[in-house]
Amino acid sequence: MKISRILSPVVTLGWGRRLVVWTQGCAIGCPGCCSRDTWSRDDGEDIDPKDIAALIDSSDGAPFDGLSISGGEPFDQPEALLTLLDAIEHRVSTMAVPFDVVVFSGYPEARIKRDFPTHLAKIDLLVAEPYVHKLQSTSLRGSSNQRLLKLSPLAEVRYSEEYLAQQVRKPSIQVMSDQKALLMVGIPRRGDLERIEVLARERGLNLGESSWA
């Protein structure tokens, strides 16, 4: 599976403490996307999906509450994505705590339902539809047109309307590092990234190359 990066623990892309995988390669290329570094299929690293699934056995002893898969576009690698979902399903079946899988996609809900029903049976929450830069972001959605599809009883409980309303009022970006770059993980609100650049310049910091410019 072509992967851009894997980070943990992440608290901005789903319920609780999560492992997050960004796939590499996107055929959609939504204008205004803040992750343009994940578009090219020539970059990234090839990782066996089963090795990725093994990472949910957290090394620090604190269990993950779920896995979030973003990109890039996960459904541009449908076979590898299904292998990963199968491996996660197998591991979750032996876990004593609830674990959910969230997938973020820029493809329309109708296309995903038509072309990938087997995948959907293994996903708890799907965030679908293309990103539209002129629209405001909202809870777990880069733009308000995007759909949250709760596909399991666990998703109905965890991603309740009360939970989603709470997320709107919380910080939307988590600052992390992969030892190569400073990473802002989450779903930025309108103008967040520009404000970060301005604040950095005012403090004499040069952010260098960014993934959204």
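The values are calculated or read from the model by the stated rules, or taken from the named source; none is laboratory data. Here the structure is a predicted model, which is why all the values come from computation and not from measurement. Please note: Cβ atoms are built from the backbone with ideal geometry, for glycine as well, and neighbour counts cover all protein chains shown.
Restricting attention to segment 68-84, and to residues there that are buried (at least 20 other Cβ atoms within 10 Å of the Cβ) and out of contact with any helix residue (DSSP H, G or I) (no Cβ under 6 Å at 6 or more places or on another chain), which single residue is farthest from THR38 (Cα to Cα)?
Restricting attention to segment 68-84, the residues satisfying the condition of being buried (at least 20 other Cβ atoms within 10 Å of the Cβ) are 68-77, 81, 84.
Adding the requirement that they be out of contact with any helix residue (DSSP H, G or I) (no Cβ under 6 Å at 6 or more places or on another chain) leaves 68-70, 73, 75-77.
Numbers: SER68: 16, ILE69: 13, SER70: 10, GLU73: 8, PHE75: 14, ASP76: 12, GLN77: 13 Å.
So the residue we want is SER68.
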All but one of (1) within 18 Å of the chain's Cα centre (by Cα); (2) surrounded by fewer than 20 Cβ atoms within 10 Å (Cβ to Cβ); (3) in a helix (DSSP H, G or I) hold for GLY29, so report the exception by its number. (3)
Segment 16-54, residues that are of a type in the set (Asp, Glu) and under 18 Å from HIS90 (Cα atoms): ASP48, ASP51
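Yes/no matrix, rows are residues, columns are (1) among the hydrophobic types (A, V, I, L, M, F, W, C); (2) out of contact with any Lys or Arg (no Cβ under 8 Å at 6 or more places or on another chain):
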{"position": "GLU89", "(1), (2)": "no, no"}
{"position": "ARG114", "(1), (2)": "no, yes"}
{"position": "PRO117", "(1), (2)": "no, yes"}
{"position": "ALA121", "(1), (2)": "yes, yes"}
{"position": "PRO130", "(1), (2)": "no, yes"}
Of all residues in segment 130-158 being touching a helix residue (DSSP H, G or I) at 6+ places or on another chain (Cβ under 9 Å) and in contact (Cβ under 8 Å) with a residue 24 or more places away in the chain, the one that is surrounded by the most Cβ atoms within 10 Å (Cβ to Cβ): LEU140
Considering segment 1-58 alone, what residues qualify as being small (Gly, Ala, Ser) and either over 23 Å from TYR107 (Cα atoms) or touching a Cys at 6+ places or on another chain (Cβ under 9 Å) (or both)? SER8, GLY16, SER35, SER40, ALA53, ALA54, SER58
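Output the number of residues of segment 71-97 satisfying the condition of being acidic (Asp, Glu) and more than 22 Å from GLY142 (Cβ to Cβ). Working first, answer last.
Filtering segment 71-97 for residues acidic (Asp, Glu) gives 73, 76, 79, 86, 89.
Next, only the ones that are more than 22 Å from GLY142 (Cβ to Cβ) stay: 79, 86, 89.
So the count comes out to 3.
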Considering only residues that are within 30 Å of ILE123 (Cα to Cα), at pLDDT below 80 and part of a loop (DSSP other than H, G, I, E, B), which ones fall in segment 182-213? PRO188, ARG189, ARG190, SER211, TRP212
Please pick out the residue among ARG91, ARG114 that is on the phi < 0 side of the Ramachandran plot and modelled with pLDDT of 95 or more. ARG114
